[in-house]
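Remarks on the structure that follows.
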Number of protein chains: 2
Amino acid sequence: MSETATATTSPSTQDSCGGTPHREAWLALARAHAAITGRMQEALTAAGLPPLAWFEVLATLAEAPEEKLKMGDLAEALVITRGGLTKLVDRLIKAGLLERTFCETDRRVSYATLLPAGVELMEEMRPVVSAELDVAFAANLSEGEADDLRETLERLRGSACEV
Amino acid sequence: MSETATATTSPSTQDSCGGTPHREAWLALARAHAAITGRMQEALTAAGLPPLAWFEVLATLAEAPEEKLKMGDLAEALVITRGGLTKLVDRLIKAGLLERTFCETDRRVSYATLLPAGVELMEEMRPVVSAELDVAFAANLSEGEADDLRETLERLRGSACEV
DNA sequence: CAGAAATACTTGAGCTAGCAACTATTGTCA
DNA sequence: TGACAATAGTTGCTAGCTCAAGTATTTCTG
């Protein structure tokens, strides 16, 4: 409900720069995301390490209780589809970083479970990722600003997830 | 310089939640981006419209002088590789939305140039995109907050782009 | 001015993610 | 209980992106 007026037929909406006021903020968000992601990927490749997506899987599992997570929950945390996650996890399993374990009480669910080699690789990747984040964040943002940013972005995401 | 302590071998670094302080902000940014992008894509698909990437191309060109842009500049604005852009533009050309024009003084460069049909489609897509952005932004952020966010993100991107 | 280096873009191969269809298991209710 | 709906996950297909190599053109240099 409360669909914001879309004014399809009136081109006279006062656009200062060709977009709605929010579009500028959105563009900044998309560009910041792409730029930082690109830098992290580049740094990992240069260090001969696996892609960022692998780190996100490993780091997410490392923070989870028992270092394991249901496939569905992991997909949600990473904001990718279940189909995509199945294949991503397959690759990490083939690399010996994860294993698939199953639930006794509900045989539909399977868990992605971190293996020691996965922890090890994560520790190896972490400093590279952290360094790039620090370049982007610490260089130009105070601690408080970074936290405000996080808080604002979480609200943003929250409203985007409401049905 | 000033590489923040990476402490690869000491797991005792006081992590409140498994990551550096900036990691939290980064996760929020990545998730907000994915969530909002996903919603926009979904809305466009539901409306029988082309993907978001098409809109970004059209909107970027619409804001450019003469409604055209060098391939290289367009790729940079969209934060994708040149190879990727060539094919993206090919698709839009095939759809009759753009045309490729050439530079008289430097025959290496080619321009992606907006056609009337492209403007028309952009106008059709814009309200759908704007509506989703408003759901995310206007719903939970004040005008000032959105602008602060944009400013912060631009600084973030700036530092990520420095060589 | 010739040849080397740099620039702008395109092309081909490979990888990854999303979508939709499918299997397997569990929950619901008549 | 037995059929039907809902849930969890996987798989085939396809679109789109990146990377590296290739072509064309321009600029730099001796």
For segment A:34-53, how many residues are away from DNA strand D (no atom under 12 Å from the Cβ) and either of a type in the set (Ser, Thr, Tyr) or closer than 29 Å to B:Glu132 by Cα (or both)? 2
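Matching residues to (1) more than 8 Å from every other protein chain (Cβ to nearest Cβ); (2) modelled with pLDDT of 90 or more:
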{"site": "B:Leu88", "(1), (2)": "yes, yes"}
{"site": "B:Leu92", "(1), (2)": "yes, yes"}
{"site": "B:Glu99", "(1), (2)": "yes, yes"}
{"site": "B:Ser110", "(1), (2)": "yes, yes"}
{"site": "B:Pro116", "(1), (2)": "yes, yes"}
{"site": "B:Pro127", "(1), (2)": "no, yes"}
{"site": "B:Val135", "(1), (2)": "no, no"}
{"site": "B:Arg157", "(1), (2)": "no, no"}
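Quick check, is A:Ala136 touching a Ser or Thr at 6+ places or on another chain (Cβ under 6 Å) and buried (at least 17 other Cβ atoms within 10 Å of the Cβ)?
Details: touching a Ser or Thr at 6+ places or on another chain (Cβ under 6 Å): yes; buried (at least 17 other Cβ atoms within 10 Å of the Cβ): yes.
It is true that A:Ala136 is touching a Ser or Thr at 6+ places or on another chain (Cβ under 6 Å) and buried (at least 17 other Cβ atoms within 10 Å of the Cβ).
Being among the charged types (D, E, K, R), buried (at least 16 other Cβ atoms within 10 Å of the Cβ) and either in a helix (DSSP H, G or I) or within 16 Å of DNA strand C (Cβ to nearest atom) (or both) is the requirement here; does A:Arg126 meet it? Walk me through it before giving the result.
On the way: among the charged types (D, E, K, R): yes; buried (at least 16 other Cβ atoms within 10 Å of the Cβ): yes; either in a helix (DSSP H, G or I) or within 16 Å of DNA strand C (Cβ to nearest atom) (or both): yes.
Answer is yes for this residue.
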With respect to A:Ala47, is the statement that it is at pLDDT 90 or above and more than 7 Å from chain B (Cβ to nearest Cβ) true? yes
Please work out which residue is farthest from the other protein chains (Cβ to nearest Cβ), limiting yourself to segment A:62-86 and to residues that are in a helix (DSSP H, G or I) and away from DNA strand D (no atom under 13 Å from the Cβ). A:Glu66
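A quick yes/no check of all residues on (1) free of Cβ contacts under 8 Å to residues at least 60 places away in the same chain; (2) under 15 Å from the mean Cα position of the chain (by Cα):
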site: A:Leu49; (1), (2): no, no
site: A:Val57; (1), (2): yes, yes
site: A:Glu67; (1), (2): yes, no
site: A:Asp73; (1), (2): yes, yes
site: A:Gly83; (1), (2): yes, no
site: A:Lys87; (1), (2): yes, no
site: A:Asp90; (1), (2): yes, no
site: A:Ala95; (1), (2): yes, no
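The values are calculated or read from the model by the stated rules, or taken from the named source; none is laboratory data. Here the structure is a predicted model, which means the values were calculated and not measured. Cβ coordinates were reconstructed from backbone atoms using ideal geometry, including for glycine residues, and neighbour counts include every protein chain displayed.
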